[in-house]
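What follows is a set of notes on a single structure, which appears directly below.
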Amino acid sequence: MEVRRTVPVALDVDSDDAVLLEDTVDTFLWSAQYVVDHAFKGEYVTTSKTTLNDETYDDVREKTDGFNGGLVQAARNKAAEACKSVVARWKQGKKASKPTFTSPHVVYDKRTATFHDDYVSLATTDGRIEADYVLPDEDSDTPHSEYLFSDEYKTSGAELHYRDGNWVLHIHCKKEVESDTSEQATTENGTVLGVDLGVNNLAVASTGTFWAGDEFDHWRREYEKRRGSLQQCGTRWAHANIQSVGRKEEGRFKLLMHRIANEIVAEARENECAVIAFEDLTDIRERTGASWGHKWAFNRLYEYVEYKAEGDGIDVEQVDPKNTSRRCSHCGFTHPDNRNEEAFECLKCGYENHADYNAAKNIGLRYLRRNQTGDDGGAPLGVRLNSGTLNVNGGYSPGSVEARTGVHAESHD
């Protein structure tokens, strides 16, 4: 089994090299956009990397005055994946438009980047440049020491990002681990942890564990006030400080999302779950009335859970969220009036519980129904609750896992 990690590393780039990197970013984005535009020209959108390579590689190289071949192929891959995502949304009956590339970045692999102990060599539009890593103290416990400089992990590539005058290299690391037979058996016959996302509670698990949104909301309001005050100044100093506030805000929220992601994965691991199931995040802002900040948090939390869970052999999936907040996880009756803000009371069977907790169980049940094959067949056998499991038909089975304090669940869930 392959375990992957991504480590962000700031780079020390001098002014001359910065100009080359900026030109490389512009050329990379132009190349990716050229491939996307070509893919959308025909009656059907072309998504095959091989076809797109055959039809665009020479043109891109010619129009960019011989842009590095490896970077041209990386731009093509980026474009092909974006086109596949659009086609996938269309197949699901969802709206999607032709992708555009505006975020300043470049994708590197081991052909176009050489990674050393304290610096990196990167291909540009005019040869290579070398940039030193800006690293934390060697003794500190950081992802740099745990993954980047670990003998267990190998560097496989990176993405270079540019924001607010700073260059940051997101380095991809990976290692192979052997799955123990007993662990594999536990995973294959494990359970599903359903996770509901929301505004008042950022996340709620089907085990009854809640991650409140108070801290997130408090800091979001504080940073909005700071930006508002600075915007009223209108000076160059104020503009620079607005950018600084934005970086601090993102950094604080990333740490919060990392902590919650770690706790969700730990919850799944401790309950021997094979899968963590989330609702589809595509239209979550419209469904929940969440702010853009919340949507960013949901997406980032999912990404963190996904790569952290990989190390434990736990799959992370998304399911159709339709009616998960209106359906009774006890009897299956679905009605809009079942839910009243954070309270859930089934109009048919009288089941009462916290609405987000009820939704988390429904998300887990939806994954079961989508994947159940009639026998276990390696599929998860139930949704993990705080004191047992729910099977695919909603039937409760008591378990040996002790109920945790602070859960919002009745004794039989």
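Please give the FRET efficiency for E22 paired with T282, using the beta carbon to beta carbon distance and R0 = 35 Å, rounded to the nearest 0.05. It comes out at approximately 0.60.
List the trypsin sites (Lys or Arg not before Pro) in the stretch 65-164 that DSSP assigns to loop (not H, G, I, E or B) and whose Cβ has at most 13 other Cβ atoms within 10 Å. Which are they? If you can, show how the numbers build up before the last one.
Numbers: sites: R76, K78, K84, R89, K91, K94, K95, K110, R111, R128, K154, R163; in loops: K94, K95, K110, R111.
Passing sites in the stretch 65-164 are K94, K95, K110.
Shown in residue order for the stretch 65-81 are the 3J(HN,Hα) couplings computed by the Karplus curve 6.51 cos²θ - 1.76 cosθ + 1.60 at θ = phi - 60°: 6, x, 3, 2, x, x, 6, 4, 5, 5, 5, 4, 4, 4, 5, 4, 5 Hz (x for Gly and Pro).
Exposure proxy for Y304, Y108: other Cβ atoms within 10 Å of each Cβ, ordered fewest to most, give Y304, Y108.
Here's how it looks for A203: its modeled amide H is under 5 Å from those of G198, W211, which are all 5 or more places away or on a different chain. Between amide H atoms placed 1.01 Å from N, distances below 5 Å from W167 occur with L11, all of them 5 or more places distant or on a separate chain. Residues whose amide H comes within less than 5 Å of that of F333, counting only those at least five positions distant or on another chain, are C328 (H built at 1.01 Å from N in the peptide plane). Using the Cα centre of the stretch 2-176 as origin and beta-carbon charges of +1 (Lys, Arg) and -1 (Asp, Glu), tell me which of Y133, W167, A74 is placed farthest towards the positive end of the dipole. Of Y133, W167, A74, it is A74. Please give every one of the lysines within straight-line cross-link reach of K175, meaning a C-alpha to C-alpha distance under 30 Å, and leave out same-chain neighbours fewer than 8 residues apart. Once the sequence-local lysines are set aside, what remains near K175 is K49, K78, K84, K110, K154, K254, K308.
Using θ = phi - 60° in the Karplus curve 6.51 cos²θ - 1.76 cosθ + 1.60, the 3J(HN,Hα) couplings for the stretch 192-206 round to 9, 9, x, 10, 9, 10, x, 8, 5, 10, 4, 8, 9, 9, 5 Hz; x is entered for Gly and Pro. Among L301, L20, the ranking by other beta carbons within 10 Å of each residue's beta carbon, starting with the fewest, stands as L20, L301. In this structure, Y44 and R128 have a Cβ-Cβ separation that, at R0 = 41 Å, corresponds to a calculated FRET efficiency of about 0.60.
Using only alpha carbon pairs under 8 Å that are at least six residues apart, calculate the relative contact order of the stretch 2-176 and give it in whole percent.
Here the relative contact order equals 34 percent.
Prolate is the label for the stretch 2-176. Its Cα gyration tensor axes, ordered a ≥ b ≥ c, give a/c of at least 1.5 and a/b above b/c.
Our estimate of slack between A10 and W296, defined as 0.36 nm per intervening residue step minus the Cα-Cα distance, is 100.7 nm.
Values quoted throughout were computed directly from the atomic coordinates according to the rules given, and no laboratory measurement underlies them. Quick caveat: nothing in here was measured; it's all calculated off a predicted structure. So basically every Cβ, Gly included, is an ideal-geometry build from the backbone, and we count neighbours across all protein chains shown.
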